[in-house]
Ligand SMILES: [Zn+2]
């Protein structure tokens, strides 16, 4: 039957309530705002979050306009968590600030939505892994640059514009590829520190650095700027498939790229 219930905001709403359920439903609704007030409150919270995020210097969010207001709130809650737990989080390691900066730089509304169900501390741990990986890459930077030089890249062919574009894509992709190769090599090198269950994985990873090295050598010979432009948005996994390399390598890249930091930082 239809019954009226007064919400905590004072508004009265009419609900269809099954027999015998009234006292339970009354209790439930009484403690809550009515739908309109709830919506207004949610919007106010989002507005407040947006203003506060901007005040603290977070970058503007990008992506679907319908996702942005709620992403502001997720982001706001997350950095509030960081501020409130700063001392505990700092104890996790010297990468603390870098991890925070990485998270601050996350600009896609969809990214915040994709991670909203994770516990904040877990999200922060992922960022710490990412930061540790970045530091590792930074340490390897001279080696990576040297390897790129040693590849003796062929001159690109195409229009002037294509050549410029293709060249920057080529640099970017090869640096990525060599970075993965060298990081992996390094990680495989200090396997001793790895847990027993990782050894099986190590075994499967063993040939990967060599396969990646072969790929970068072959790519160094690719002279058509148009080809580089074609693969500009490709992940390493996609490049592996595009070059018709073994499917096992593509699968390995899929696994590593998603959890690269996790795998390397065990
Ligand atoms: Zn109300």
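Every number in this text was worked out from the coordinates using simple rules, so none of it is lab data. Everything quoted here is computed from the prediction, not taken from an experiment. Cβ sites come from the backbone with ideal geometry, for glycine too, and all protein chains shown count toward neighbours.
Quick one: length gained pulling residue 210 to residue 15 fully straight, 0.36 nm per residue minus the C-alpha distance?
Numbers: separation 195, 0.36 × 195 = 70.20 nm, distance 6.74 nm.
Value of the extension gain: 63.5 nm.
Normalized C-alpha radius of gyration of segment 45-135, against 2.2 N^0.38 Å? Mind showing how you got there, number by number?
Details: Rg = 12.8 Å, N = 91, 2.2 N^0.38 = 12.2 Å.
After normalising by residue count via 2.2 N^0.38 Å, the value is 1.05.
If I build a Gaussian network model for the chain, linking alpha-carbon pairs within less than 10 angstrom, which residue out of 181, 118, 213 has the largest mean-square fluctuation?
Ranking 181, 118, 213 by mean-square fluctuation puts 118 first.
Taking the simple approach of a point 7 Å from Cα along Cα-to-Cβ for both residue 189 and residue 101, what is their distance in nm?
Distance between the two pseudo-spin positions: 2.5 nm.
Could I have the simple spin-label model distance between residue 168 and residue 134, label points 7 Å from Cα toward Cβ, reported in nm to one decimal?
Placing both labels 7 Å along Cα→Cβ, they lie 2.1 nm apart.
Measure out, as a whole number of angstrom, how far apart the alpha-carbon centroids of segment 114-139 and segment 1-30 sit.
45
Tell me, what is the FRET efficiency for residue 81 and residue 153 to the nearest 0.05, using R0 = 45 angstrom and their Cβ-Cβ distance as r?
Calculated transfer efficiency: 0.50.
Restricting to Cα pairs below 8 Å that are 6+ residues apart, what does the relative contact order work out to for the chain? Please round to a whole percent. Walk me through the numbers on the way to the answer.
Working: 233 pairs, mean separation 38.7, N = 266.
Value for the chain: 15 percent.
Find how much the distance from residue 141 to residue 118 grows on full extension, using 0.36 nm per residue of separation minus their present alpha carbon separation; answer in nm with one decimal.
Values: separation 23, 0.36 × 23 = 8.28 nm, distance 3.23 nm.
Full-extension gain reported as 5.1 nm.
Label residue 25 and residue 161 with points 7 Å out from Cα along Cα→Cβ: what is the distance between them in nm?
Calculated label separation equals 6.5 nm.
Based on alpha-carbon centroids, what's the gap between segment 31-110 and segment 149-184 in Å, whole number please?
Their Cα centres are 37 Å away from one another.
Taking the Cβ-Cβ separation of residue 32 and residue 54 as r and a Förster radius of 35 Å, what is the calculated FRET efficiency to the nearest 0.05? Write out the running numbers ahead of the final one.
Values: r = 30 Å, r/R0 = 0.87.
So the FRET efficiency works out to roughly 0.70.
Please give the length that would be gained between residue 222 and residue 251 if that part of the chain were fully extended, namely 0.36 nm times their separation in residues minus their C-alpha to C-alpha distance (nm, one decimal).
On the way: separation 29, 0.36 × 29 = 10.44 nm, distance 2.39 nm.
Taking residue 222 through residue 251 to full extension adds about 8.1 nm, to one decimal.
In µm²/s, what is D for the chain at 25 °C and 0.890 mPa s, where D = kT/(6 pi eta Rh) by Stokes-Einstein and Rh is the Kirkwood radius from Cα pairs?
On the way: Rh = 22.7 Å.
This corresponds to a translational diffusion coefficient of 108 µm²/s.
In deg cm²/dmol and to the nearest 500, what is the mean residue ellipticity at 222 nm of the chain if only DSSP H runs of at least 4 residues count, each as -39500 (n - 2.57), divided by the residue total? Intermediate results must be reported in sequence, preceding the final value.
Numbers: 13 runs with 180 residues, N = 266.
Per the formula, -22000 deg cm²/dmol.
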